[in-house]
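Written below as structure tokens is the structure these notes are about.
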Amino acid sequence: MTEEKSLNFIEEIVENDLSSGKYASIVTRFPPEPNGYLHIGHAKSICLNFGLALKYGGKTNLRFDDTNPVTEETEYVESIKDDIRWLGFKWANEFYASDYFDQLYEFAVKLIKKGLAYVDDSTSEEIAELKGTPTTSGKESPYRNRSVEENLKLYEEMKAGKFKDGEKVLRAKVDMAHVNMLMRDPIIYRIKHAHHHRTGDTWCIYPMYDFAHGQSDAIEKVSHSICTLEFVPHRDLYNWLIEKLEIYPSKQYEFARLNMTYTMMSKRKLLQLVNEKIVSGWDDPRMPTLVGARRRGYTPEAFRDFCDRIGVAKRDNLIDISLLEFCLREHLNKIALRRMVVFDPVKVVITNFPEGRTEMLPSENNPEDTNSGIRELPFSRVLFIEKDDFMENPAKKYFRLAPGQMVRLKSAYIIKCKNVVKDSAGNITELHCTYLPESKSGSDTSGLHVKGTIHWVNALTALPIEARLYDRLFTAEDMSAIEGDFKEHINPDSLKIQQVYAEPSLANASTGQSFQFLRMGYFCLDKDSSSEQLVFNRTVTLRDTWAKSVK
RNA sequence: UGUCCGAUGGUGUAAUGGUAGCACAGAAGAUUUUGGUUCUUUUAGUCAGGGUUCGAAUCCUUGUCGGACAACCA
């Protein structure tokens, strides 16, 4: 059997609840607010919530927490659904907090009737003033002791649109002296004469998060309501409302959100990058959004593996982005077809190869996958190789091409450098080489062992393509620690565009398809491609131990 | 100043009173028609003090450090 993997603290809770018979099966939910695109941090939550239900035989609802019409849009709803599907998860139900507005209204009425909620006419400032501070207790509002009848009437008038935005709020009557600020008579309904993306203009009062989230959980009979650490103080209120409303007792558990090096997860700041056109959009391949990562060439398999590896705990964390890249490379290595592309070409003339002749040479599509087959590469007298793959005065342990030295051309022949041609300025323009006909790949009888193998393309048939080379968007390791304007820490070199030369088979690539450009990295075809110009995004470089040792 | 949450190699995460383990990152080597992959080996850790115990990363206590909390956001 496979090794027993240790459980995270939430799995432990679930297993205990299941074995004790507290629940026959579990219900979780993923509750995004449709006011932005999902990012990598959400992926952790999605994998956790859906993963739990999958592992323990339960179900997961997708529920949009759409209680603030001012910031929410249908565009976001669609993108969120897309991203979850892309990650590979299926929700049992698609729900909206706005589906429950009628019921939520009735819940509030019930609270009023129990004498546990009141309409407050205080201004926002007055409410804040009376709220106290974390270290000093609050004071009661002068409107706190209105009669049930008056509250009922006022609340109904709020709903009917009799008041302007901010003129009145409905507050739960808890305890203004509570050590937990959230328990100091929290606002549960506010007036917003705003168009809602689903309910239109039906409502002009909307519940606050605390009066929607737990209630929605209860309505759906969510057994384990899993959220991030910043909601810990809300748990008191969550439980208080469930108790007073006498509804299904969902339980809230909190875990530490994902933070990653050189990355920023704040939806507000990401929106800023989009609005200020610092990036091309939510799906800019440099964005930590799921759409961005997808366009960049990240795979759902890599994300799921990553989420599995980072674990779930309650301490703040800052995950090294190299772990994500490791997961990515591991997956891409298995699935990406190999192709040869020369980025910075220097011309190689094979002086003993007949002019006008083209030979087709087979090359494996992926050495890690024997089922991936081969493709044919044209080889003739004039080729391009990478400038970096030649050194006139080779460094020690450099085993690529140098004057008088031999190197293997991948899937082709061993060549030997005979002559270096330069222009008047001393720049290398051509390398004159000879090839060893008996060293042909697959039928090599030369008996020679060369240390280096390099990639190349046939000059005549080379396909010019655009390569977009991405680097991290931010320069600071811990973006949450920076003070001042985060935009001062944007990497000016996060995108470099280069015209490069590809083997002809790349003309058949389809959008989103991943390739390994030999020795250069993983790339995928971008949607910006046209028939005249193919565009490839660099997903991630290959590990490069040589570059490291040179440095 | 208060309440709550947390603290294990560089980074994550296990060990649930009984050998501090795993992964990433780093280092060294082997293999390789990708300086990729793969395979070896290796560096490095329980926040501090006190207590309970035959035995403490784990329990108690004090302290230190980090985070959260004073939106009509979620």
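One residue alone among A:Ser216, A:Ser225 is within 10 Å of RNA strand B (Cβ to nearest atom) and of a type in the set (Gly, Ala, Ser), and that residue is A:Ser216.
Being part of a loop (DSSP other than H, G, I, E, B) and within 16 Å of RNA strand B (Cβ to nearest atom) is the requirement here; does A:Tyr155 meet it?
Details: part of a loop (DSSP other than H, G, I, E, B): no; within 16 Å of RNA strand B (Cβ to nearest atom): yes.
For A:Tyr155, the condition - part of a loop (DSSP other than H, G, I, E, B) and within 16 Å of RNA strand B (Cβ to nearest atom) - is not met.
On inspection, A:Pro69 does not qualify as within 21 Å of A:Ala293 (Cα to Cα), within 13 Å of RNA strand B (Cβ to nearest atom), surrounded by 20 or more Cβ atoms within 10 Å (Cβ to Cβ) and assigned by TED's automatic domain parsing to the domain that holds A:Leu237.
Go through segment A:357-401 and report how many residues are small (Gly, Ala, Ser), touching a residue at least 12 places away in the same chain (Cβ under 8 Å) and more than 10 Å from RNA strand B (Cβ to nearest atom). Can you show your working first?
Filtering segment A:357-401 for residues small (Gly, Ala, Ser) gives A:363, A:372-373, A:380, A:395.
Right, trim to touching a residue at least 12 places away in the same chain (Cβ under 8 Å) and you get A:363, A:372, A:380, A:395.
If we keep only those that are more than 10 Å from RNA strand B (Cβ to nearest atom) too, we end up with A:372, A:380.
Number of matching residues: 2.
Can you confirm whether A:Trp240 is within 13 Å of RNA strand B (Cβ to nearest atom), assigned by TED's automatic domain parsing to the domain that holds A:Thr133 and either at pLDDT below 95 or among the aromatic types (Phe, Trp, Tyr) (or both)? So A:Trp240 does not fit the description; no. Confirm whether A:Thr261 is within 32 Å of the chain's Cα centre (by Cα) and not assigned by TED's automatic domain parsing to the domain that holds A:Gly214. Here the answer is yes, as A:Thr261 does meet what is asked.
Scanning segment A:290-328 for residues that are more than 6 Å from RNA strand B (Cβ to nearest atom) and of a type in the set (D, E, K, R) yields A:Arg294, A:Arg295, A:Arg296, A:Glu301, A:Arg304, A:Asp305, A:Asp308, A:Glu325. Taken together, the criteria exclude A:Ser480 from residues that are of a type in the set (S, T, N, Q), farther than 22 Å from A:Ser322 by Cα and out of contact with any strand residue (DSSP E or B) (no Cβ under 9 Å at 6 or more places or on another chain).
Within segment A:409-441, being within 21 Å of A:Val341 (Cα to Cα) and not in a strand (DSSP E or B) holds for A:Lys410, A:Ser411, A:Ala412, A:Tyr413, A:Lys440, A:Ser441.
Report the residue count in segment A:526-548 for those that are more than 25 Å from A:Phe379 (Cα to Cα) and either crowded, with 19+ Cβ neighbours inside 10 Å or in contact (Cβ under 8 Å) with a residue 40 or more places away in the chain (or both).
Pass one, segment A:526-548, residues more than 25 Å from A:Phe379 (Cα to Cα): A:526-530, A:537-548.
Of the ones still in play, those that are also either crowded, with 19+ Cβ neighbours inside 10 Å or in contact (Cβ under 8 Å) with a residue 40 or more places away in the chain (or both) are A:526-527, A:537-540, A:542-543.
Residues that pass the stated criteria total 8.
Please determine, by comparing only the residues of segment A:434-451 that are within 16 Å of RNA strand B (Cβ to nearest atom) and surrounded by 16 or more Cβ atoms within 10 Å (Cβ to Cβ), which one is nearest to A:Leu383 (Cα to Cα). Selected residue: A:Tyr435. Only a single criterion out of (1) at pLDDT 95 or above; (2) within 12 Å of RNA strand B (Cβ to nearest atom) is not satisfied by A:Lys267, namely (1). Listed by first and then second residue, the pairs with beta-carbon distance under 7 Å, at least 6 apart or on different chains, first residue in segment A:124-136 and closer than 18 Å to A:Arg171 by Cα, second among the small types (Gly, Ala, Ser), are A:Ser124/A:Gly166; A:Leu130/A:Gly138; A:Leu130/A:Ser141; A:Lys131/A:Gly138; A:Gly132/A:Gly138. Among the conditions (1) assigned to a helix (DSSP H, G or I); (2) at pLDDT 95 or above, A:Arg538 misses just one, which is (1). Answer with yes or no whether A:Lys487 is away from RNA strand B (no atom under 16 Å from the Cβ), farther than 27 Å from A:Pro300 by Cβ and either exposed (fewer than 15 other Cβ atoms within 10 Å of the Cβ) or not assigned by TED's automatic domain parsing to the domain that holds A:Arg296 (or both). In short, yes. Selection over segment A:217-233 of residues that are over 27 Å from the mean Cα position of the chain (by Cα) and buried (at least 18 other Cβ atoms within 10 Å of the Cβ) gives a count of 4.
The values are calculated or read from the model by the stated rules, or taken from the named source; none is laboratory data. What you see is a predicted model; the values in this text were computed from it and never measured. Cβ coordinates were reconstructed from backbone atoms using ideal geometry, including for glycine residues, and neighbour counts include every protein chain displayed.
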